[in-house]
Amino acid sequence: MAINFEQVNFSYGAGTTLAQPILHDINVTIPDGQVTAIVGQTGSGKSTLIQHLNGLLKPTSGRIIIDDFILTNGIKEKQLTGLRARVGMVFQFPENQLFANTVLDDVMYAPINFGYSKREAQIAAKEALKRVHVSEKLWHKSPFELSGGQMRRVAMAGTLASNPDIVVLDEPAAGLDPKGQNELLNIVRDLKSAGKLVVLISHQMDHVIAVADHMIVMNNGRVAAEGTPTEIFNRDLSWFKEVALDLPKAGQFAEKLRQKGRSLSRRPLLLTELAKMLNGDDQHE
Amino acid sequence: MVKAIEINNLKYSYDEQPLFNDFNLNIEAGQWVALVGHNGSGKSTLAKLILGLLVADEGQIIVFDEQLSIESVHRVRAKIGMVFQNPDNQFVGATVADDVAFGLENTKVDSSDMPQKIDAALTVVGMQDFKDREPHTLSGGQKQRVALASVLALQPKIIILDEATAMLDPDGRMTVMETLQQLKQQFGQNLTLITITHDMDEATLADRVVVINDGRKILDGTPAKVFSQRRVLHDNGLELPFANELAYQLDKKPEDYMDERELIQWLSTLNK
């Protein structure tokens, strides 16, 4: 169930005089069973890229192969229903899309739309709510009475209830407190353990290093790099400036330390790793 | 010592659930206070109470010697500028300059004075070159700086930022925080700043950090004092700023609190 982008170009208003090219010659593979992080500064094309994963946008040219489904420009809207049941999308600040009277009703909405019976939808919704650790006590409350972190998780459950194989999350931890952020990273890890392919957009490199196996760096509508986070975060410093990407905080700290004259043997990517290196433990490695 | 905000014995219940029960807080004029707490701790509710958007059940809120009441609420609000979390929810004008003008129009500023006031406010936040741009073409950080300019144009004595950087990317966050530091430098004692946040790295920039949870004050003091309480912060769903967590994990630690810059300096001279 890997995803392959083959020579994908995308323009808004393609074929008109106002055509605005956004994505240029995208060739990437998003591996199965892994967490792939898509990073890049605002306006680099990340969101446009992920909207191709369930056919919200169609490539102007090129194709995207999602398991046995081939998405091209010519595909009909009707043919996309099956794909949308398999690719679950959680947009930024999904709590803004909550609407039902109770948490349970809200989560049941999507499975009912995908043709589940009411009973089936309820079972699926309960499973999804358990998966994102929303306590049973809250199921019959109004979603609007919940805290920000709880609302975020209820909104995610709405997408997970139809049990998609591929889960796409746009900035899932944005705006949450540290505890809420950690809970979300744990949910990402759980989804991976459950065999899902997870795609994650994030501006927080510390989250990327914490959960991602694979990483795609976007810059000006092109893929600037693809690889494991360790490979990418060990690139030359000048490259990070070029593509306007941050290092994880530990890497940034080590860099500032180097500028003050204390160099470490390699670039740390985690706080614990940086602390160990400063404590001298890494000299024994 | 002039008090900007004085909160005495505040009681407030939300849906019959008591949130604030005998809450007290004094903020001195010219102070930068970071109000921190996890989602749902009551920090945003407190801001709404101060603005009179919510009405307390009991207790007093006094803003520059004026007690908040139905009668005084408009005068109190005129002293306070507020910037909210979502940059897209606070634009009304067709251009950046129009947006700043909107607030001024509401305060009956003479129209001949407006261009100068708009320019001055946009210059403070470094957005003067964008004055004819449509707000939707701006980045999140730029939008928040315009929102800040709209507030500044009204010359408030207090500015409250309610998680104003939570929806921004790292670059946007940085520019907003730099703008705040610059504001503080420029206005000094004439501007009281309250930043509501759960980003501890942001809180380190304030003069004073107040941690609240369940409507109670958990910690209150300088960043040095508050960030020495790692356990208490963890128990309240918060974390230490990066540099302080790092210092905590070092075998050989600095004796006193250090912010990031100081820690880097200290580590670089330790054993080259």
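Some observations on this one:
- Under 14 Å, Cβ to Cβ, from A:Asp165 - net charge with Lys/Arg +1 and Asp/Glu -1: +1
- Size of charge dipole - region A:3-234 - debye, nearest 20, with Cβ of Lys, Arg +1 and Asp, Glu -1, no other charges: 500 debye
- Those aspartates and glutamates that a straight Cα-Cα span of less than 18 Å connects to B:Lys3, excepting residues fewer than 8 apart in one chain: B:Glu28, B:Asp65, B:Glu66, B:Asp207, B:Asp220
- Here the spin labels are modelled as points 7 Å beyond Cα on the Cα-Cβ line, and at B:Gln181 and A:Asp213 they lie 4.0 nm apart.
- Rounded to 10°, Cα long-axis angle of helix A:178-193 versus longest principal axis of chain A: 70 degrees
- With a 10 Å cut-off around each Cβ of B:205-211, the average count of Cβ atoms from other chains is 0.
- Distance between modelled label sites at A:Thr42 and A:Ser135, nm, 7 Å Cα→Cβ extension: 3.6 nm
- Our estimate of slack between A:Ile70 and A:Asn163, defined as 0.36 nm per intervening residue step minus the Cα-Cα distance, is 31.4 nm.
- Length gained when the stretch B:Asp220-B:Lys253 is fully extended (0.36 nm per residue, less Cα-Cα span): 9.5 nm
- Net dipole in debye of region B:1-145 [+1 Lys, Arg Cβ; -1 Asp, Glu Cβ; about Cα centre; nearest 20]: 260 debye
- Links that overshoot a 24 Å alpha carbon limit, given the list B:Lys225/B:Lys252; A:Lys256/B:Lys217; A:Lys249/A:Lys276; B:Lys143/B:Lys225; A:Lys260/B:Lys253: A:Lys256/B:Lys217; B:Lys143/B:Lys225
- Label zone at A:Leu264, where the point sits 7 Å out along the Cα-to-Cβ direction: region A:39-71 residues whose backbone N lies under 19 Å: none
- Exposure proxy for A:Ile65, A:Ile3: other Cβ atoms within 10 Å of each Cβ, ordered fewest to most, give A:Ile65, A:Ile3.
- Shielding score for A:175-184, defined as the mean number of other chain Cβ atoms within 10 Å: 6
- Farthest toward the positive end of the dipole of chain B, out of B:Pro87, B:Gln185, B:Ile160, is the Cα of B:Gln185, where the dipole comes from beta carbon charges about the Cα centre.
- Within region A:82-119, backbone nitrogen closer than 15 Å to the virtual label 7 Å beyond the Cα of A:Asn4 toward Cβ: none
- Contour minus Cα-Cα distance for B:Val55 and B:Asn106 (0.36 nm per residue): 16.0 nm
- Cα-centred dipole magnitude for the protein assembly as shown, charges only on beta-carbon of K, R (+1) and D, E (-1), debye, nearest 20: 520 debye
- Listed residue (A:Leu191, A:Trp139, A:Gly175) projecting farthest to the positive dipole end of region A:133-285, Cβ model: A:Gly175
- Whether chain A is rounded, prolate or oblate, judged on the alpha carbon gyration tensor where a/c under 1.5 counts as rounded: oblate
- Selected from A:Thr48, A:Gly149, A:Gln7, residue furthest toward positive end of dipole (chain A; charges at beta carbon): A:Gly149
- Mean per-residue shielding of peptide B:163-171 is 5, counting Cβ atoms of other chains within 10 Å of each Cβ.
- The count of lysine pairs in region A:3-234 with alpha-carbon distances below 23 Å, taking only pairs 8 or more places apart or on different chains, stands at 20.
Read the figures in this text as sums done on the coordinates, not as results from a lab. Since we're looking at a predicted model, the values are computed, not measured. Please note: Cβ atoms are built from the backbone with ideal geometry, for glycine as well, and neighbour counts cover all protein chains shown.
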